[in-house]
Structures are given as structure tokens and as C-alpha cells.
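Take a look at the structure set out below.
The values are calculated or read from the model by the stated rules, or taken from the named source; none is laboratory data. From a predicted model like this one, the values you see are computed outputs, not experimental measurements. Note: ideal-geometry Cβ built from the backbone for every residue, glycine included; neighbour counts use all protein chains shown.
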Amino acid sequence: MIFSDKKILDSIDTGKIVIEPFNRECLGTNSYDVHLSKWLATYNAEILDARKHNTIEYLEIPDEGFVLRPNKLYLGVTEEYTETHNSVPFLEGKSSVGRLGIDIHATAGKGDVGFCNTWTLEISCTQPVRIYAGMPIGQLIYFQVAGEIERFYNKKKDAKYNARTDKPVESMMWKNTF
């Protein structure tokens, strides 16, 4: 079941959902709009290795915007810090962003109950497009969980993305054993 606007507001009032900063005008019928921060990142290596720590370089989006190029992966991050303690958050791209040929996540659209952080975005595009810090980039949708939670994400010792950040975070796949 997807949370309605009233259920999202009730969850915010009880501290089960945290959105900072919160702007009531960003609340939709059953979602909350999030915005692109001023930080992007790109990988330093042309060939990435899943078993190695692939380092990134940060870029600050200037006032005049930044042109995304096709065939390049950019990591972005939301301006909003969120916490979700009673539901499963899903991050979806806004249709207006998709209609510009921008994808904001390749695979990681679902959060976990207990996720407390900003959202790193996996941004790619089909043709060159100029983006801006502060632009609406996606929307959070909250799904009700059936049953009790045994391991909240923010309590897991092996969680790889728990450190609070305002910048994009590179893949931590290399921390897995395989």
C-alpha cells in the first residue's frame, strides 16, 4: 500500500519519516518531490572494477548549470536528508526529468526501512542536457511494510551507506566478499 499525502504528513508528525528541509509545497498526492543538490561526482577511472575501490571526483554545479553528456555516469545527491522508520521509501524520477532524457537511478530506487541519509543518484542521459542545482529531480514514494522489522538499515553493522553526507557516494561493492 502506498502512503497518501495525509499518511506521509502523519508519519512526519510522529517522526517515522524525516525530510530535511521539508517544504509542504513539495508534497504531492502520494509522493514528496526531492531536489538535486549542487554536488555531482564522476569516476576517475574509465574502466571500473567491482572488486576495487573506484575513486570519484566531485564537481560543483555552477549557477549557469552543468551539461550532462551521454555515455557518462554521473553521481548526484538530493538536497533532502531523509529518515524512514515505518515504511519502504522508493525514489522515482519525475516525469518531467524523464522527458528530458535523464535517468536518475539505474538500479537503486528502493531504500530500506531505517535508511537515514541523502539519496545518491545514478544519473545518465540520452542526449546532452543542462541541469541545475535545486531543480526537482525525483519523488519519494512510501510503501507500508507488512510485519515487524528485525534489522533496520541504520542499525546494521555491515551497512555500507550509513555515514551522513551531503555529497554523492561512490559504489561500495568492493566491500562485499565474492
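One table, with the values for the structure above:
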quantity: Residue in the stretch 147-167 that is more than 26 Å from Gly28 (Cβ to Cβ), at pLDDT 95 or above and of a type in the set (D, E, K, R) present; calculated: yes
quantity: Flag for Ile137 being touching a helix residue (DSSP H, G or I) at 6+ places or on another chain (Cβ under 9 Å), under 22 Å from Thr29 (Cα atoms) and in a strand (DSSP E or B); calculated: yes
quantity: Filter pass, Tyr81 being modelled with pLDDT under 95, within 26 Å of Asp5 (Cβ to Cβ), touching an Asp or Glu at 6+ places or on another chain (Cβ under 6 Å) and not hydrophobic (A, V, I, L, M, F, W, C); calculated: no
quantity: The stretch 46-67 residues that are among the acidic types (Asp, Glu), paired with ones that are surrounded by 13 or more Cβ atoms within 10 Å (Cβ to Cβ) (beta carbon under 6 Å, 6 or more apart); calculated: Glu57/Thr42; Glu60/Lys38
quantity: Residue match in the stretch 166-178 (condition: under 26 Å from Asp49 (Cα atoms), of a type in the set (Phe, Trp, Tyr), touching a residue at least 12 places away in the same chain (Cβ under 8 Å) and out of contact with any strand residue (DSSP E or B) (no Cβ under 7 Å at 6 or more places or on another chain)); calculated: yes
quantity: Count of the stretch 93-124 residues which are closer than 21 Å to Ser4 by Cα and surrounded by fewer than 16 Cβ atoms within 10 Å (Cβ to Cβ); calculated: 2
